[in-house]
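The values are calculated or read from the model by the stated rules, or taken from the named source; none is laboratory data. In this text, all values refer to a predicted model and were calculated from it rather than measured experimentally. All Cβ positions, glycine included, derive from the backbone under ideal geometry; neighbour counts span all protein chains shown.
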Amino acid sequence: MKIGSILVSMLIVLSVSICSATNQSEDKILEEINDSNPVTKILAFASIVDMGDDGLDLMAQALKSDDQDFKISAFIWMDIIEMDNPKSVEPLIESLSSGDDNTRAIAALSLGWKKDPEAVDALIRSMENDNNNTIRLYSALALGWIRDPIAVDPLINDLQDGDDDARSACAIALGWIKDSRAVDPLIGSLQDENENVRLCSAFALGWIRDPSAVDPLINGLRDGDDDVRSACAAALGWIKDSRAVDPLIQELTNESSPLCIASVSLAFINDTRAIAPMIESLGNSSCDEQIAGALAFMGEPALYPLIDILSNIDEYPEKRAAAASALGSLGDSRAIDALVESLTDDDSYVRAKSAKALGDIGDSRANDAIISALSDEDEFVRFNSAVALGMIGNSDAIDPLIEVLEDDYVEYVRASSAEALGRIGDPKAADALIESIKDDESEYVKSSAADALGKILKK
């Protein structure tokens, strides 16, 4: 039986039996716990719920069983039912030092989950001395979850562990504890021979947010591994030190660099020097969505530079379309006039993105212009226009949307019109939606119309 199925079964049984204590003897319960029938076994566990410390003693015996399912159920019982019982820690500590590999691994995780400081010494011994790499890894992570400063020095020492994954876990745990003593050792681990250790060390330094890590993380932007460079870029964003702005801007022009993460980190730092380079990067990469979101996060200082890009017909369409998306994410109604103007742009991609942006802003002043765009020759523009009208929610769009639902030859455009009618929620659309459910040749459209009708009828 897998851990997930055991957990689900136990929760179902416990929910039924939690209020009904049993009078069975402990010997009888132990016999049923060892039964080969999983339901009998689970019911036996359920009968322990109201037994208090006596039930805890039975679970401690269960942890010593040779039956793996049996032990897993006992661990789950201790973790869920006895989560706040300090007496449940001692049996888990014993299992951590004396059980088989699986038992010790689960015991380490369970002790971390409980976050009881009484487990720290045992977990440190396990991390330092266990001959199983996985258990040392789990013990390190558990120490990170508990976040006791006593574990900092042992975790620092184990950054020299011979196993790559164990060193990575130590770095992560030090990041969770957020103790400044770990900063210099983690900076040293940015030079580790293993890329995952370097990545975890960069993340940990970002979580600790010590400014002394900025220069080493900037150097990490030149790491030979893409993921490590992305981690360094992310960490610099979390620390929010202005020294990182220019190096991160440089990453925006490096095709092999973590462009997407660099743009997000620049938004976190929120230095206006980054706006122009980020806008310049729009349309040049696969990260337009992230850059647009980052610019929107930076707020008003990005508004007019984005409007200027959108309105400049000499810029290439991909950049202008990305600027439209960014304006939609920004959500400032001062962009409406420029976006409405772009609904008649020569490029269909710019028109489509402008329609969606107007929906994101949600100002009904754009309603008439978007209704006109429902007749656009490009199906993606019509689709986004229908979506936008649904987002704005103005009832003036109902008749034009019904017309699209009945007459457009593209099924996903008809479906988006149905969805928009449902979102607006006006009963005037009910008859048209019913007809669509009955007569449309597309199951996709019928389903969308049915969902929309349901929303209207609930209002």
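Of note:
- Within segment 308-324, at least one residue is farther than 25 Å from Ser375 by Cβ, touching a Lys or Arg at 6+ places or on another chain (Cβ under 7 Å), at pLDDT 90 or above and aliphatic (A, V, I, L, M).
- Qualifying position, being buried (at least 20 other Cβ atoms within 10 Å of the Cβ), farther than 18 Å from Gly293 by Cα, of a type in the set (Val, Ile, Thr) and touching a Pro at 6+ places or on another chain (Cβ under 9 Å), among Ile239, Ile249: Ile239
- Of the criteria (1) within 23 Å of the chain's Cα centre (by Cα); (2) polar (S, T, N, Q); (3) at negative phi; (4) at pLDDT below 95, which one Asn196 fails: (4)
- Scanning segment 351-365 for residues that are among the aliphatic types (A, V, I, L, M) and touching an Asp or Glu at 6+ places or on another chain (Cβ under 9 Å), we see that the one that is farthest from Val381 (Cα to Cα) is Ile361.
- Output for segment 432-455, where each listed residue is touching a helix residue (DSSP H, G or I) at 6+ places or on another chain (Cβ under 7 Å), more than 8 Å from Gly422 (Cβ to Cβ) and among the charged types (D, E, K, R): Asp440, Lys446
- Residue within segment 406-418 that is part of a helix (DSSP H, G or I), free of Cβ contacts under 8 Å to residues at least 24 places away in the same chain and of a type outside the set (A, V, I, L, M) present: yes
- Total residues in segment 283-308 satisfying the condition of being touching an Asp or Glu at 6+ places or on another chain (Cβ under 6 Å) and aliphatic (A, V, I, L, M): the figure is 1.
- Search result, residues across segment 217-227 that are surrounded by fewer than 24 Cβ atoms within 10 Å (Cβ to Cβ) and in a helix (DSSP H, G or I): Ile218, Asn219, Asp226, Asp227
- Residues within segment 419-453 that are under 37 Å from the mean Cα position of the chain (by Cα) and outside any helix (DSSP H, G or I), tallied: 3
- Ala386 vs. criteria buried (at least 24 other Cβ atoms within 10 Å of the Cβ), out of contact with any Asp or Glu (no Cβ under 9 Å at 6 or more places or on another chain) and aliphatic (A, V, I, L, M): no
- The condition (being more than 27 Å from the chain's Cα centre (by Cα), buried (at least 16 other Cβ atoms within 10 Å of the Cβ) and under 20 Å from Arg209 (Cβ atoms)) is satisfied by just one residue among Ala151, Ala122, Ala182: Ala151.
- Residue in segment 248-260 that is of a type outside the set (Asp, Glu), within 19 Å of Ser212 (Cα to Cα) and in contact with an Asp or Glu (Cβ under 8 Å, 6 or more places away or on another chain) present: no
- In segment 266-303, residue surrounded by the most Cβ atoms within 10 Å (Cβ to Cβ) [restricted to those that are hydrophobic (A, V, I, L, M, F, W, C) and in a loop (DSSP other than H, G, I, E, B)]: Leu282
- Residue within segment 236-246 that is polar (S, T, N, Q) and part of a loop (DSSP other than H, G, I, E, B) present: no
- Residue count for segment 340-370 satisfying the condition of being more than 16 Å from Ala323 (Cβ to Cβ), surrounded by fewer than 21 Cβ atoms within 10 Å (Cβ to Cβ) and β-branched (Val, Ile, Thr): 1.
- Within this structure, Asp165 fails the test of being more than 18 Å from Asp101 (Cβ to Cβ) and either modelled with pLDDT of 95 or more or not in a loop (DSSP other than H, G, I, E, B) (or both).
- Flag for Leu389 being in a helix (DSSP H, G or I), of a type in the set (A, V, I, L, M) and over 25 Å from Pro301 (Cα atoms): yes
- Residue among Ser354, Ser348, Ser364 that is in contact with a helix residue (DSSP H, G or I) (Cβ under 9 Å, 6 or more places away or on another chain), over 24 Å from Met298 (Cβ atoms) and modelled with pLDDT of 95 or more: Ser348
- Going through (1) more than 24 Å from Ser263 (Cβ to Cβ); (2) not in a helix (DSSP H, G or I) one by one, Glu315 falls short only on (1).
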